[in-house]
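For reference, the structure discussed in these notes is given below.
Rule-based calculations on the coordinates, nothing more; no lab input. Note that the coordinates shown come from a computational prediction; the quantities given were computed from them, not determined experimentally. Backbone-built Cβ (ideal geometry, glycine too); neighbour counts: all protein chains shown.
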Amino acid sequence: MIGVASTGSGKTLVFVLPMIMFALEAELKLPITQGEGPFCLILCPARELALQTFEIANELCNALERDGYPSLKGMLCMGGTSMREQEQLLKGGVHFIVATPGRLIDLLQKKKFTLNLCKYVYLVKHAMF
């Protein structure tokens with residue numbers, strides 16, 4: 001599916017909410033363990049877009065947790081951030097990753113995690129208008 005809409009119309013919510021519900025369902029069935037995940041991946045072409053997407057996903061996860069649902073662990077995976085911190089998060093297990101291509105490739109090549117359990121993938125693209 002390809003979605004095109006103006007800024008501020010809720011495009012990010014449209015693809016992040018089903019991802020979170022998928023991760024939540026997986027967590028309720030069988031809680032994540034160390035080193036497991038991700039179940040979901042969002043790939044963004046730029047750091048700014050990855051950060052924005054991750055923040056929205058985190059806000060939704062935090063709101064669910066405040067309402068009594070299990071905590072969902074997400075990870076922002078992009079250059080310019082600590083590789084060591086990202087590796088520590090991965091060791092604890094993550095439900096979803098929001099990543100830029102370069103850092104994602106780097107972590108996969110170093111075998112820091114696999115996408116074997118990943119069932120939900122989104123490719124985000126900047127608008128070219």
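Quick notes on this one:
- Mean Cα-pair separation over length for segment 22-129, i.e. relative contact order, pairs under 8 Å, 6 or more apart, %: 44 percent
- Inter-probe distance in nm under a simple model that places probes 7 Å from Cα toward Cβ, at residue 116 and residue 87: 2.0 nm
- HN-Hα J in Hz across segment 31-38 - Karplus 6.51, -1.76, 1.60, θ = phi - 60°, x for Gly and Pro: x, 5, 10, 4, x, 7, x, x
- For residue 42, nonlocal amide neighbours, meaning residues 5 or more places apart or on other chains whose placed amide H falls under 5 Å from its own, are 97, 98, 99, 122.
- Long-range lysine pairs (8 or more apart or interchain), the chain, Cα under 18 Å: 9
- Multiplying the residue separation of residue 11 and residue 125 by 0.36 nm and subtracting their alpha-carbon distance yields 39.9 nm.
- Rg then Dmax, both in Å and based on the Cα atoms of the chain: 14.2, 44.
- Modelled label positions at residue 62 and residue 28, each set 7 Å beyond Cα in the direction of Cβ, lie 2.3 nm from each other.
- Under-5 Å amide H pairs with residue 93, H placed in peptide plane, nonlocal only: 35, 36
- Between the alpha-carbon centres of segment 74-121 and segment 4-71 there is a gap of 14 Å.
- Rg and Dmax [Cα atoms of segment 61-122; Å; Rg one decimal, Dmax integer]: 12.6, 38
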